[in-house]
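Where a number appears in this text, it was derived from the coordinates with a stated rule and is not lab data. Note that the structure is predicted; figures quoted are calculated from it, not measured. Positions of Cβ are generated from backbone atoms using ideal geometry, with glycine treated the same way; all protein chains shown enter the neighbour counts.
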Amino acid sequence: MKIFDRKKELNAFTLEERKKDHTIGLVPTMGALHTGHISLVKKALAENNLVVVSIFVNPTQFDKKDDLEKYPRTFEKDVELLKQVSEHIVVFAPTVDEIYEGKLESESYEFDGLDKVMEGEFRTGHFDGVGTIVELLLRTVAPDRAYFGEKDFQQLQIIRKMAEIKKLPYTIIGCPIEREPHGLAMSSRNERLSKNTREQADIIHNTLQTAKAKFGTKSATYITDWVKSEFEQNPLFDLEYFEIADENTLTPALKKQEDQKYRAFIAVYADGVRLIDNLRLN
């Protein structure tokens with residue numbers, strides 16, 4: 001497996017692949033790889049000749065310094081995991097200086113309001129950081145397709161908007177959420193949960209599924225109040241927000257429209273770890 005930490009060397013390699021008419025997929029990650037990441041990699045492998053997996057913990061998308069410091073870094077383990085998947089994977093693991101070229105700051109984007117709700121309301125500057133690093137990676141790798149998990153659905157929609165605004169010629173593909181046996185959405189952060197909390201974290205997905213069942217007959221306000229009451233009864237989990245929103249615009253659903261697609265979004269703290277999830281409702 002080839003591992004590159006410099007853009008120039010990666011670009012020389014991908015140029016040779018292009019000469020062979022090979023297509024390239026990109027799977028951007030922050031490492032600490034799990035089954036969810038591997039599902040993205042496998043989809044990318046099925047649709048491209050070569051897959052570049054970037055491993056880079058991006059400082060500009062963290063609104064809390066301690067969250068950045070605690071983020072798991074397991075590079076050697078990640079590489080071994082990828083080696084087991086395919087020989088057609090290349091790892092790109094740049095330093096901060098290499099990818100940001102010595103200018104560690106986020107670009108300021110206009111995401112048409114997609115960044116003002118839910119995650120954006122609680123994580124100042126987060127999506128500017130996400131947009132910046134994803135744009136840098138897309139321009140560096142120049143993939144035919146780039147793959148992102150739907151667990152971070154708001155992020156996925158914002159990346160699509162960024163690519164549209166910047167007129168980037170790369171196809172952005174969203175992939176279904178991978179879950180642990182009890183329903184918890186797979187995340188690198190799950191490793192920081194205690195065994196007991198991890199086992200009881202099925203409350204998050206179960207709540208979303210019940211919200212979906214209620215969505216046919218109950219209002220968004222009724223369901224939101226019900227979710228809040230459910231979490232008030234469980235001291236292990238601290239609900240940050242629950243929102244039912246239009247899937248495309250991410251605007252809160254005040255009144256259901258027949259021709260609209262809706263999704264429920266949730267963020268919860270447990271053991272000091274922030275967990276997010278979402279589920280399509282119709």
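Anything over 23 Å Cα to Cα? Flag those among K64/K261; K20/K77; K20/K43, in the order listed.
Working: K64/K261 33 Å; K20/K77 31 Å; K20/K43 21 Å.
As for pairs spanning more than 23 Å Cα to Cα, those are K64/K261; K20/K77.
So if we plug the beta-carbon distance of N206 and K255 into 1/(1 + (r/R0)^6) with R0 = 35 Å, what FRET efficiency do we get, rounded to 0.05? Present the calculation step by step, with values, prior to reporting the outcome.
Numbers: r = 26 Å, r/R0 = 0.75.
FRET efficiency, N206 to K255: 0.85.
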Query raised in the report: Nearest 0.05, what FRET efficiency do H22 and E80 give at R0 = 25 Å with Cβ-Cβ as r?
Result: 0.50
Query raised in the report: Among the lysines, which fall within straight-line cross-link reach of K255, defined as a Cα-Cα distance under 26 Å, with same-chain neighbours fewer than 8 residues apart omitted?
Result: K116, K151, K161, K212, K214, K218, K228
Query raised in the report: Label L104 and E47 with points 7 Å out from Cα along Cα→Cβ: what is the distance between them in nm?
Result: 3.4
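Determine, for H37, H205, the number of other Cβ atoms within 10 Å of each Cβ, and report the residues in order from fewest to most. Can you show the working numbers first?
Details: H37 25, H205 19.
Least to most surrounded, the residues fall as H205, H37.
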Requested in this report: May I ask you to list the residues of the stretch 129-163 whose amide nitrogen lies under 18 Å from a point 7 Å from Cα along the Cα→beta-carbon direction of R6?
Outcome: 140-141
Query raised in the report: So, how do all the Cα-to-Cα distances of the chain break down into 5 Å bins, in percent, from 0 on up?
Result: 1, 5, 12, 16, 18, 17, 13, 9, 5, 3, 1, 0, 0
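When a footprinting reagent is the concern and you count Cβ atoms within 10 Å, what order do V85, V227 take, fewest first?
Fewest-to-most ranking of V85, V227: V85, V227.
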Report summary line: Mean shadow area (nm²) of the C-alpha convex hull around the stretch 197-282 is 5.3
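Suppose a student asked you for the relative contact order of the stretch 188-280, using Cα pairs under 8 Å spaced at least 6 residues apart; what percent would you report? Before the final figure, lay out the partial values.
Working: 126 pairs, mean separation 29.3, N = 93.
Relative CO of the stretch 188-280 lands at 32 percent.
Could you grab the relative contact order for the stretch 1-155? Cα pairs under 8 Å, six or more apart, rounded to a whole percent. Can you show the working numbers first?
Numbers: 219 pairs, mean separation 55.0, N = 155.
Relative contact order of the stretch 1-155: 35 percent.
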Query raised in the report: K65: which lysines have alpha carbons under 19 Å from its alpha carbon, excluding same-chain residues fewer than 8 sequence positions away?
Result: K103
**Report entry** Normalised alpha carbon radius of gyration of the stretch 184-228 [divisor 2.2 N^0.38 Å]
**Finding:** 1.41
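As a check on your grasp of the helix formula, calculate [θ] at 222 nm for the chain: sum -39500 (n - 2.57) over DSSP H runs of n ≥ 4, divide by the residue count, round to the nearest 500.
On the way: 11 runs with 114 residues, N = 282.
Helix contribution divided over all residues of the chain: -12000 deg cm²/dmol.
Under Stokes-Einstein, with the Kirkwood radius over Cα pairs standing in for Rh, what whole-number D in µm²/s applies to the stretch 1-82 at 4 °C and 1.567 mPa s?
Working: Rh = 14.1 Å.
Translational D for this selection: 92 µm²/s.
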Query raised in the report: Roughly how many whole Å is it from the C-alpha centroid of the stretch 36-83 to that of the stretch 93-123?
Result: 17
Query raised in the report: Distances over 18 Å make up what percent of all Cα-Cα pairs in the stretch 63-172?
Result: 59
Requested in this report: Treating cross-link reach as a plain straight distance, find the aspartates and glutamates whose alpha-carbon is under 14 Å from the alpha-carbon of K8, omitting any fewer than eight places away in the same chain.
Outcome: E16, D97, E98, E101
**Report entry** Cβ-based exposure ranking for I203, I165, in which fewest neighbours within 10 Å come first
**Finding:** I165, I203
